[in-house]
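Below: one structure, written as structure tokens.
None of the figures in this text is laboratory data; all of them are computed from the coordinates on show. A quick note: this is a predicted structure, and the numbers were derived from the prediction, not measured. Neighbour counts run over all protein chains shown; Cβ positions are idealised from the backbone, glycine included.
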Amino acid sequence: MATITTRAGKGSALTFNEVDDNFINLNSDGVSNASAISSLTTTVSGKVSKAGDTMSGALVNQSIVSHEYSNNNVSGSSVTLASPTTSLLRLTNSSLTSVSGVAAGVNGQLLKVINKTGNTISIENESASAAAAARIQTGTGANITLSNNASLSLVYDSLSGRWNIVGSAAASSGASGINYISNPSADADTSFWSTYADAAGSQPVDGAGGSPNVLWS
């Protein structure tokens, strides 16, 4: 610990030499402790002590270097991905069809997933195939489709014990927007639909009336 001369401690104003000595001592102390500071990066799961007091518990490795990535070659369906060791995860196995969860993370942990399998993958919402704390909430209430080369971002919420999707690129829930037409496909019946025959022309006149000659049942 550096020796510092203060005005309060001395009882009078500091001389120029005393001020210079304070800076020299601070600088020397910082250099001498450089190795101790750097060692913190290698004791992620250890303990940090200062002046005899011990701070217990594990420090969280949050992939400080944001461009760190890893490849995951897991295959199969309804797969739970292992606990991520990097902030960017590339899925690479062409035999992977769906992901049901990611091993439980820590609160606020961020994970980006990129589909590099060459195929479409399903990201399952609240899948019972994964442990409760490893499940994913897609935000749509349904599974979403992750196309090849598409990506998504997840954040872990320890209060709910879930991974939450917070953003995606080229991912889809299978819907293409809101369909404002009632009974759009007419699969069960022809309610809300009617036939018409407008006057000849390149486009409908009013979409009603006339004597249509099409079969609609």
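Summary table below
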item	result
Contour minus Cα-Cα distance for Ala131 and Ser83 (0.36 nm per residue)	16.0 nm
Packing-based order for 5-11, 141-147, using average beta carbon neighbours within 10 Å, highest first	141-147, 5-11
Neighbourhood charge, 12 Å Cβ-Cβ cut-off, centred on Leu88 and excluding it, Lys, Arg +1 and Asp, Glu -1	+2
Counted charge near Asn71, where neighbours are those whose Cβ lies closer than 14 Å (Asp, Glu -1; Lys, Arg +1)	+2
Local net charge near Asn149, Cβ-Cβ under 12 Å (Lys/Arg +1, Asp/Glu -1)	+2
